[in-house]
Structures are given as C-alpha cells and as structure tokens.
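Presented below is the structure to which this report refers.
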Amino acid sequence: MIAAVIIITLIGVVVFSQIKETSGPALIGQDQDSLPKSVIIPLDEDNPIKVGVLHSLSGTMAISETSVVDATLLAIDEINERGGLLGRKVVPVVVDGQSDWPTFAAEAERLIVEEEVSVIFGGWTSASRKTMKPVFEEYNHLLFYPVQYEGLEQSPNIVYTGAAPNQQVLPAIDWAFENLGTKFFLVGSDYVFPRSANEIMKERITELGGEILGEEYRVLGDRNFVEIVDKIAKTKPDVILNTINGDSNLGFFNELRKKGINSETIPTISFSIAEDEIRHLGAGIMSGDYAAWNYFQSIDLPENKVFVQNFKNKYGPHRVTDDPMEAGYIGVYLFAKAVEKGGSDDVNAIREAVKGITFAAPEGIVGVDPKKQHLSKAVRIGQILEDGQFKIVYSTEEPIHPIPYPNYRSEQEWHEFLDALYNGWGQSWSNPR
C-alpha cells in the first residue's frame, strides 16, 4: 500500500510563504479505499540516483546515529516504492563515520569524488558537520544535516533540517523560567555544540535575570560524572541544562540518581536525549525529566501516525522514532521534492529547487527558508514518561522561523567565539584531551 500512499508526496510544491497544507508521506485526508490497492511502477535501475548516507555506526555516537540511518533508508524505500525519482531508483551508499570527525570529512570526499553521489545525508555532532563543511564547499556539493545544533553558521552547501537556537535551546530557557526556576547548572560534552549552545543559553539567562551556578564539561565518551554531580548537589540549582551527547548520558544520569537527584528535587532539561536514546539508556533513570525538541513520537498528527507505523513495520514493533530520525526522514523528502521540482539530480539544480519547499512532515508543516536553508519548525518540550515516551507539556501554535545567529552578538563576534574554541583545541572542533 505504501506505493499508492506515497505517490502524491512530491506533487504540488509550494512557496515558503504558503505554509498551510501540502500532502505528506501518506496522503493524509485522502479516501484510502478509493486508491488502487497496488501500483507497480518500473524503475530505471541501470541509471540510479546515488545518495550518500554518512553517520556513526560505531563508537560513542552510534547509540544516536544508527537509528537516523534507519529512518533515512525508510524514506528512500518509500520513494522507490512510489516510482523513484524521475523514473530512476534512488540507491543509498551507507558509510560509517566511526564517531571520528576526520573520518567524516574523508568519507564525505570519497562519496562525492568516487561514488559521485547527488547529495549526502549525514552527521550528528557539530564537530562532524564543521569538519565536513569545507569539503562540501570545496566541491560545491550539498549536505542534508538532520540534527538540532548551536546555529552560528549558514552555508549554501548545507540544508539544516534540525533546530536553530531559537527553535530549541532559547524557548526551553523561557519555559524553564516560567515553570521550574531561575537558577541553572549547565553540563555538556566538550565540543563545539555544547560550548556554543551554553554560551547562547547563558546570554538568555542573564537577560532574564537568572543565575548560573555552574558550567562543566566532559569529553565525548566519558562516563565519569562524580565530580560534576557533587558540584550540582552542593550548589542546588533549580534546573540542570544538559547538552551531553551519546552514551555519556548513562554515566551522568546514573550518578545523579546515586546522589539522590531526580526530577522532583532538581529537574533536568536535555537537548540531545530523545526516545531512541532512552530506549538504550533506560527510561527508569530519566522519567520525570524533560527534553526540548521539535518532534516527539507522541505527536497526535495523522502524518506522524503513518510515519511511526511504517517505521515499526519495517524495523519491528519495539522500535521508536525521535526528532533527529524524523529530521533525517524529512531531509530525504525535501531532496526528492527538489529533484522533481528541478527535473534533475544535479546538485546545483537541487540546491536551487529546495529553496522555499514545504512538506507536511510527521512533526507538522515545515518549510525551507530560501535564504538561510534552515527549516521553519514548531517548538515542543516533553516530559519523559516511565514507558520512554514523552508527554508534551509545551508546543508553539505555529512554525517558528529560524534565526541561526542569536542577536546577542554580531555574526563577526560569534565567529570570533567559534575561532577561539577551534584554535584552543588545536584546530579541532572538539576537545582532544
């Protein structure tokens, strides 16, 4: 039935300003009984459209990135089942970034030069994205990047399908002020996203008249949080702001619970923990805490119900969906709509055609800002339940337009901040210690 369901997905591209309704991945609102029960569309497999899928399938970030690959491949399968693109089969070339930033850059170059892919879907950490960015700019290629990030960047060679700061971290601070308290402790992994996101959040906390009681970091993969949690227990903040990434979160939350810190005593708001991480880490140690995203599996939209069901049908009923997975899925459909709109899989045609495209995504209507190449997205905050799902406690009524550079500083000043991090880490986007 997927072939029939997806057949209209790429028809009717609308301009960015018309964010109202456009058909999503499942003909939501259509009379399904009136559709043909099966559609067999021959694909040109001798002249496929090759795309790269570049994520960490090993190392500390595999806990998060492997499932983004699964969602990306689901979208590609759906598109092929409805006839491919321009009558051609879409063929993914999946590569392991190994949670190693130079590997991401090397593999991106290989996919572009040797595999001759049309675009690449990939990256999670900002360290991986920033290491790949010069490669995409050198070859004038295109990356669809699926994860919320710190902003402070805008490249014609990247389509950012995750949240900008004003679509995740900043609204979370405002919500926390109104609902949890005004004293904050910041903890994160020691690389460019947490450092930058925390700098932005500190600006907002100061602007609102709040207090920052501590700011601590650990390198990616570190699970020793004894000293940091001791500081949290001593300073007694109202809220912990967590930008730890990967499997380090297990060590952090276990240590919090050992010290008697839970959602009732000092709640945590996380920015890189979603349903799939909770599936691996265990909902028991996180229930009651919060996360800020644009998408949760519990969203009550027809498009989302179809997305979740299709994902479970393909990978098993025990699997869950989450924000980066959905953003990866969105990226494939935006690419597909751009190919059909431009009538070509040439990267320059895709880059031009993707501007202004909208899509009825599982999270709701999203649209590509034609100048910034970021998406307009709704903002949501969820509370972790004992079953690992989220109760949505806050949601914006409409999609929020992206602002990659928060106005606390000029673009030049933000770039100087980033340069200081990069040079301080020996020309790396993460702390090498």
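Nothing in this text is a laboratory measurement; each read-out follows from the coordinates by a stated rule. No experiment lies behind these values; they were computed from the predicted model shown. Backbone-built Cβ (ideal geometry, glycine too); neighbour counts: all protein chains shown.
Helix 302-315 and the long axis of the chain differ in direction by around 90°, with both axes built from C-alpha atoms.
I need the shape label for the range 274-410. Rule: rounded when a/c is under 1.5, else prolate if a/b > b/c, else oblate, with a, b, c from the alpha carbon gyration tensor. Because a/c hits 1.5 or more and a/b fails to exceed b/c, the range 274-410 counts as oblate. Taking the chain as the reference, fit the longest principal axis to its C-alpha atoms, fit the long axis of helix 62-81 to the helix C-alpha atoms, and give the angle between the two in degrees, 0 to 90, nearest 10. The angle comes out at about 20 degrees. Peptides 264-272, 242-250, 309-317 ranked from most to least packed, by the mean per-residue count of other Cβ atoms within 10 Å: 242-250, 264-272, 309-317. When Leu385, Leu152 are arranged by Cβ crowding within 10 Å, least crowded first, meaning fewest neighbours, the order is Leu385, Leu152.
Among the GluC sites (Glu not before Pro) within the range 353-405, those in coil by DSSP and having at most 16 neighbouring Cβ atoms inside 10 Å are Glu386, Glu397.
Rounded to the nearest 5, the antiparallel percentage of DSSP beta bridges internal to the chain is 35%. Principal-axis analysis of the Cα atoms of the chain puts helix 192-208 at an angle of about 60° to the longest axis.
Per-residue packing, averaged as other Cβ atoms within 10 Å, sorts the ranges 349-359, 184-194 into the order 184-194, 349-359, beginning with the highest.
Once you have a ≥ b ≥ c as the square roots of the Cα gyration tensor eigenvalues for the range 64-141, tell me rounded if a/c is under 1.5, and otherwise prolate or oblate according to whether a/b is larger than b/c. Here the range 64-141 falls in the oblate category.
Between Val91 and Asn224, the modelled label-to-label distance comes to 4.9 nm, taking each label 7 Å out from Cα in the direction of the beta carbon. Each of Met325, Met286 was scored by other Cβ atoms within 10 Å of its Cβ. Listed from fewest to most, they are Met286, Met325.
Ordering Leu54, Leu220 by the number of other Cβ atoms within 10 Å of each residue's own Cβ, fewest first, gives Leu220, Leu54. Protection proxy ranking, highest mean first, for peptides 133-144, 56-67, 198-209: 56-67, 133-144, 198-209, where packing is the per-residue count of other beta-carbon atoms within 10 Å, averaged.
Need one word for the range 41-89: rounded, prolate or oblate. Basis is the Cα gyration tensor (sqrt eigenvalues a ≥ b ≥ c); a/c below 1.5 gives rounded, then a/b vs b/c decides. Prolate. Only Cα sites of the chain enter the Debye sum here, all with the same form factor; the resulting log10 I(q)/I(0) across q = 0.14 1/Å is -1.30, listed in q order. Amide H to amide H distances under 5 Å link Glu215 with Leu186, where only residues 5 or more positions off or on other chains count and H is placed in the peptide plane.
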